[in-house]
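Beneath this line is the structure, given in structure tokens, with notes to follow.
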Amino acid sequence: MKLLQNKVTLITGAGRGIGRVIAEQFAQDGAIVYINDLQEGDMPAWASDCAERNVTKVVPICFDVTDSAALKAGLMSIYKAEGRIDVVVNNAAIIANQKLGMVTKPLLEKMYSVNVFAVIDMIQIVSRLMARTGGGSIVNIASITGVVGSPGQVAYSSTKGAVIAITKSAAKELSPQQIRVNAVAPGIIKTERFEELYEASGDKIDQRISRIALGRLGTPQDVANAVSFLASDRASYISGHILGVDGCASI
Ligand code: NAP
């Protein structure tokens, strides 16, 4: 039996980057995969290609995670179609670098609405549905910056620190309903977004890599492997855990 055989799963912000590779991994692991992003055009072409790729079922579901009514309607449509939701991955986020002096209130509000408030909203709504069917697994995508901090990332790292605290508290609160809540805290992962930010910052990549003990940047697949494990029943006694996927880095 595959790791996520017939699990009903939803991954937010899965049109590109890490979320997209998590969705691919879930499909390979036998899950029914609902992939969320902002717009239909963001969805990977393979979402309509399931039979050819020998995966169970992949369904695009577009909504803005900050739109509470749309988020609720999206979850209810999955629940009605499948009768349950087993796994949610809170991956959607806004990633931006700003020196402390450049951080503005509108930027903070925008970042917190996607990276923090939408995560709480999602956990509130989906936990009620998971409780009806005996439990589930929620995996939040945090960041190493939320653990150790990073210059130029006061806003972003603070949202990820909040995700870590949300994970620990929600895990404690939802354990009686058999809902596990964990997070992964990736280091530097080579995605398009990282490359855009890195190019804009003018940092030297070799210096960054020299601070990673395993001597390389992470890949979206490294993150997807960890998320798939935490989502699965193999992690059935693990909750409230923050799993670093960072090559033993100190950034
Ligand atoms: P990404 O390529 O920017 O992917 C984020 C996805 O979320 C995008 O498809 C984005 O859509 C979508 N999104 C943004 N706002 C949304 C909203 N309101 N509703 C629905 N979807 C929304 O970033 P990534 O590098 O793959 O990062 C994925 C996750 O890993 C994030 O939580 C990030 O904080 C975390 N992480 C990344 C790194 C790294 O080095 N890359 C390191 C640590 C943690 P648009 O493209 O249309 O904006």
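The values are calculated or read from the model by the stated rules, or taken from the named source; none is laboratory data. Because the structure is a prediction, the values reported are computed rather than measured. Cβ atoms come from the backbone with ideal geometry, glycine included; neighbour counts cover every protein chain shown. Note: accessible area is taken over every heavy atom of the protein model, side chains too, but ligands, DNA and RNA are not part of it. Shrake-Rupley method; radii C 1.70, N 1.55, O 1.52, S 1.80 Å.
Brief remarks follow.
- Only one residue of 115, 178, 77 has its Cα farthest out toward the positive end of the dipole of segment 52-186, where Lys and Arg carry +1 and Asp and Glu -1 on Cβ, and that residue is 178.
- Convex hull projection area averaged over all views, the chain, Cα basis, nm²: 13.2 nm²
- Going by accessible surface with a 1.4 Å probe and the largest first, 89, 245, 147, 154 read 147, 154, 245, 89.
- Surface accessible to a 1.4 Å probe, residue 86 within the full protein complex, Å²: 10 Å²
- Sites residue 196 and residue 109 - FRET efficiency at Förster radius 22 Å, r taken between beta-carbons, to 0.05: 0.50
- Based on protein heavy atoms only, the chain ends up with 47 Å² per residue of surface accessible to a 1.4 Å probe.
- Cα→Cβ-extended label distance, 7 Å offset, between residue 148 and residue 16, nm: 2.7 nm
- The heavy atoms of residue 16 offer some 80 square angstrom of accessible surface to a 1.4 angstrom probe.
- Legend: residues 198, 237, sorted from most to least accessible area (1.4 Å probe; ligands, DNA and RNA excluded), read 237, 198.
- Accessible area ranking (1.4 Å probe, heavy atoms, ligands and nucleic acids excluded), largest first, for 117, 194, 26, 229: 117, 229, 194, 26.
- Computed with every protein chain present, the accessible area of residue 233 is close to 100 Å² [probe 1.4 Å].
- Rounded to the nearest 20 debye, dipole of segment 173-213 from Cβ charges on Lys, Arg, Asp, Glu: 220 debye
- Lysine pairs in the chain with Cα atoms under 17 Å, if 8 or more residues apart or on separate chains: 10
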